[in-house]
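Enquirer: Here it is: the structure, laid out below.
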Amino acid sequence: MRPFAYERAHDAPDAVARFRPGAMYLGGGTNLVDLMRLGVAEPDFLVDVSRLSCGDIEASDGGLRIGAAVRNSDLAAHPGVRERYPMLARAVLTGASGQVRNMATVAGNLLQRTRCPYFQDVSKACNKRRPGSGCPAIEGDHRNLAILGHSEACVATHPSDMAVALAALDARVHVTGPDGDRVVSMPGLHRLPGAEPHRDTVLEPGELITAVELPPPPPGRSRYRKVRERASFAFALVSVAAVLDVGDDGVVRGCRLALGGVAHAPWRASDAERVLRGAPAGEEAFIRAAEAELDQARPLPRNGYKVPLARNLIVRTLQELGP
Ligand SMILES: Cc1cc2nc3c(=O)[nH]c(=O)nc-3n(C[C@H](O)[C@H](O)[C@H](O)COP(=O)(O)OP(=O)(O)OC[C@H]3O[C@@H](n4cnc5c(N)ncnc54)[C@H](O)[C@@H]3O)c2cc1C
Ligand code: SF4
């Protein structure tokens, strides 16, 4: 590992003031330190933001404001999250292990990097790690990679489960930086790769996430389901965050659907939502909705299995939430 300097910030403005070219913010370190050991990340200065005062969960405008430094375990265990946003608590609990969740922060989870095997291997080319060097995954091992929204430059997937639930909940990410404060609505924090896969998010250098704000929970029942290669300690092959609100007449009044494991960003399934709204809740509408969304899928030679997997997961999850 390359030598680096380390300082702990007192508060958010102090963290931003300390940031300089070559620096990175450090949350729980469960992803960044691994990448430093692998030589994938080479910051010369770490600004530790894991103990900032933004470590609380508070009521806000009928919803919740979650500090960026809240640990993943504390988020999943918080009574307000468990009772009012069970889908979010579930999504967090499906990620990593108890030990990792005790260390990992909310902001760090959202900004963790892809687990594409070539990205993590510095002996290989990778447009995300070294722009312009190529994307060996397109011809090589892409079994777990994207089927939606990918580009000729990158077919990686975003790994966070929490981000998928936040995308379905219309969460707002509060950011501060050298040019002031701003708010980014989910799923708009993460980018599709396009020609610039080295940029995972819309954040500019030095911008610090300070909080995630949840609006009041949407009406209806919700669920997070994740398919993975083993029952724990594994990233999603495909995941679904779903909220379904069905009236007494059996018609869908509202619905939210987001997919994980399929794209470079949490994927809000807007086409499926459009099909469902106003339709009689039932298998036929659920299949039509899933197929409307997955019409856009462009699977690679070895990850075509994700298309029926995503379709079946959407349908099954909606069936569980339906009347
Ligand atoms: C074996 C293993 C399995 C895992 N499985 C899953 C899984 O299935 N699902 C899942 O969702 N996650 C999974 N994880 C990921 C784990 O949840 C992440 O490592 C963790 O959430 C990252 O959080 P952190 O606070 O440690 O971030 P760090 O490693 O400290 O930082 C990650 C990134 O965020 C940046 N950053 C941190 N805080 C801020 C801030 N406030 N503002 C701006 N930038 C910031 C850092 O600069 C860095 O780029 C797994 C991890 C491991 C090790
Ligand atoms: S898919 Fe993206 S992260 Fe993976 S090798 Fe290609 S450019 Fe790199």
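Where a number appears in this text, it was derived from the coordinates with a stated rule and is not lab data. Computed from a predicted model, the values in this text were never measured in an experiment. Every residue, glycine among them, receives a Cβ derived from its backbone with ideal geometry; neighbour counts consider all protein chains shown.
Enquirer: Show me 191-199, 24-32, 229-237 ranked by packing, highest mean number of other Cβ atoms within 10 Å first.
Expert: Going by the mean number of other Cβ atoms within 10 Å, highest first, we get 24-32, 191-199, 229-237.
Enquirer: Rounded if a/c is under 1.5, else prolate if a/b is larger than b/c, else oblate: which is the chain, with a ≥ b ≥ c the root eigenvalues of its Cα gyration tensor?
Expert: oblate
Enquirer: How far is helix 306-321 tilted, in degrees, relative to the longest principal axis of the Cα atoms in the chain, given as a value from 0 to 90 rounded to the nearest 10?
Expert: 60 degrees
Enquirer: Output the 0 to 90 degree angle, nearest 10, between the alpha-carbon long axis of helix 283-294 and the longest principal axis computed from the alpha carbons of the chain.
Expert: Long axis of 283-294 versus the principal axis of the chain: about 40 degrees.
Enquirer: Right, here's the next one. Assign one of three labels to region 1-148, namely rounded, prolate or oblate, based on the Cα gyration tensor with a ≥ b ≥ c the square roots of its eigenvalues; rounded applies when a/c is under 1.5, prolate when it is not and a/b is larger than b/c, and oblate otherwise.
Expert: In terms of gyration-tensor shape, oblate.
Enquirer: Order of 130-137, 57-64 by packing, highest average Cβ count within 10 Å first?
Expert: The densest-packed peptide leads the list: 130-137, 57-64.
Enquirer: Moving on to the next point. Please list 301-310, 255-264, 241-250, 84-93 highest first by mean number of surrounding beta-carbon atoms within 10 Å per residue.
Expert: Going from most to least packed, we get 255-264, 84-93, 241-250, 301-310.
Enquirer: Still on this structure, please answer the following. For a label point 7 angstrom out from the Cα of SER97 toward its Cβ, which stretches of region 224-244 have the backbone nitrogen within less than 20 Å?
Expert: Inside the label zone: 228-237.
Enquirer: Right, another one. Between ARG302 and ASP179, with labels modelled 7 Å along Cα→Cβ, what's the label distance in nm to one decimal, could you check?
Expert: The answer from the label model is 4.1 nm.
Enquirer: Still on this structure, I have one more. Rounded if a/c is under 1.5, else prolate if a/b is larger than b/c, else oblate: which is region 138-276, with a ≥ b ≥ c the root eigenvalues of its Cα gyration tensor?
Expert: Judged from the Cα gyration tensor, region 138-276 comes out oblate (a/c at least 1.5, b/c at or above a/b).
Enquirer: Would you pull out the residues with amide H under 5 Å of TYR25's amide H, same chain only if 5 or more places away, H placed 1.01 Å from N?
Expert: VAL47
Enquirer: I need the phi-derived Karplus couplings for region 68-75: 6.51 cos²θ - 1.76 cosθ + 1.60, θ = phi - 60°, integer Hz, Gly and Pro marked x.
Expert: Karplus-based 3J(HN,Hα) across region 68-75 equals 5, 8, 4, 6, 4, 5, 5, 4 Hz.
Enquirer: Quickly work out the HIS198-to-ARG8 label distance, labels modelled 7 Å from Cα along the C-beta direction, and quote it in nm with one decimal.
Expert: 3.3 nm
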